[in-house]
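Report on the following structure.
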Amino acid sequence: MANHIPNYRIPLGDWVETGVDWIPDNFTGALDSISDGLGLVIGSFEDALTALPPMLLAALIVVLAGWRVGWRFGLFALAALALIFGMDIWKETVATLALVIASSLVALAIGIPIGIAMARSDTVEAIVRPVLDFMQTMPPFVYLIPAAIFFGLGKVPGAIATLIFAMPPAVRLTNLGIRQVSREHVEAGQAFGCTAHQLLFKVQLPLAMPSIMAGINQTLMLALSMVVIASMIGAGGLGNTVLTGIQRLNVGLGFEGGLGVVLLAILLDRITQSFGWARRGSASGGPSGLLGRIKQVFGRDNRGDPEY
């Protein structure tokens, strides 16, 4: 017996296309404002990085790597940057770094408050979680289409696609970190008279910081992985070097661009991880350590009990 396919079609793609066409027709001002604002952020970072002499910026990166991670990693950073200079991709590396930092900062500015809202409300979590699942499972190339339609070609649509792709880890790990704060720590803060605002910023967020820093690290890594894809709509940087190598079937050029991305990823990964390690160490003091910090913040128990 032959298999019969139901003869009907749901025009979901047509509906999406209609909606995408409707947005720029009715929200031109808002889209222009977003484009101008994000373009200003990216341009500011790139101008600040390129204003520094290349050797000075490289020296600052090496010193930061050695200070935060260790002298061995400082030597690796020195060798990595020497290789980047030797491959003559320094300008592309700086452009990529500026785009990654700008996109990640915007993603974190949006994602961390959403993660806090999810941690404080099960309803918000139930609404946002499917959206995050959709964002993480959608192929990254798909983000390029609406970004190019809404914002044209260039660094701004590349940054938009990058920040959307890189945002979910910051949201998820902020939510997870706050929810994993033990009830004993929360009750200790409440016992000292913390308001909901004080409890969040003086107790929950400091203790959740290792998880939040892991989310920041993952956001940076995803943003960097999206850079090569975003070069297809004019984001530039190292991604453009890789894309040019693909278009010309130039294996050497593509390898150099890819190696630059790998080296930059290692530097960003280890340096940002070091901040998470420091936070994890400071948060490991247990309830007694927390009580000491709360006493320093509030000075005394708000109930006036002289025992505290």
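Number of residues in the stretch 136-156 that are within 22 Å of Phe45 (Cβ to Cβ) and not in a helix (DSSP H, G or I): the value is 3. Put simply, of Leu253, Leu259, Leu243, Leu263 the only residue that is under 25 Å from Ala170 (Cα atoms) and part of a helix (DSSP H, G or I) is Leu263.
On the stretch given as the stretch 168-203, residues that are open to solvent by less than 30 Å² (accessible area, probe 1.4 Å) and closer than 19 Å to Ile114 by Cα total 12.
Only residues in the stretch 112-135 that are touching a residue at least 40 places away in the same chain (Cβ under 8 Å) and assigned to a helix (DSSP H, G or I) count as the first member; pair them with residues that are of a type outside the set (A, V, I, L, M) and open to solvent by less than 40 Å² (accessible area, probe 1.4 Å), Cβ under 6 angstrom, at least 6 apart or cross-chain, and list the lot. Every condition considered, the pairs that remain are Ile112/Thr174; Gly115/Thr174; Gly115/Asn175; Met118/Glu125; Met118/Asn175; Ala119/Asn175; Leu132/Pro168. Selection of first residues in the stretch 33-61 that are more than 22 Å from Leu81 (Cα to Cα) and open to solvent by less than 60 Å² (accessible area, probe 1.4 Å) and of second residues that are of a type in the set (D, E, K, R) and in a helix (DSSP H, G or I), restricted to Cβ pairs under 9 Å at least 6 apart or on distinct chains, gives the following pairs, ordered by first then second residue: Leu38/Lys155; Gly39/Lys155; Ile42/Lys155; Gly43/Lys155. If you go through the stretch 220-240 and keep only what is of a type in the set (Ser, Thr, Tyr) and more than 9 Å from Val261 (Cβ to Cβ), you end up with just Ser231.
Yes/no matrix, rows are residues, columns are (1) under 27 Å from Pro157 (Cβ atoms); (2) open to solvent by 20 Å² or more (accessible area, probe 1.4 Å); (3) of a type in the set (A, V, I, L, M, F, W, C); (4) modelled with pLDDT under 85:
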position: Ile216; (1), (2), (3), (4): yes, yes, yes, no
position: Leu222; (1), (2), (3), (4): yes, yes, yes, no
position: Ser225; (1), (2), (3), (4): yes, yes, no, no
position: Leu238; (1), (2), (3), (4): yes, no, yes, no
position: Gly258; (1), (2), (3), (4): yes, yes, no, no
position: Val262; (1), (2), (3), (4): yes, yes, yes, no
position: Gly276; (1), (2), (3), (4): no, no, no, yes
position: Leu291; (1), (2), (3), (4): no, yes, yes, yes
position: Gln296; (1), (2), (3), (4): no, yes, no, yes
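The values are calculated or read from the model by the stated rules, or taken from the named source; none is laboratory data. Please read these numbers as outputs of a predicted model, since none were measured by experiment. Counting neighbours? That spans all protein chains shown, and the Cβs are built from the backbone with ideal geometry, glycine included. SASA here: full protein model, heavy atoms, side chains in, ligands and nucleic acids out. Shrake-Rupley method; radii C 1.70, N 1.55, O 1.52, S 1.80 Å.
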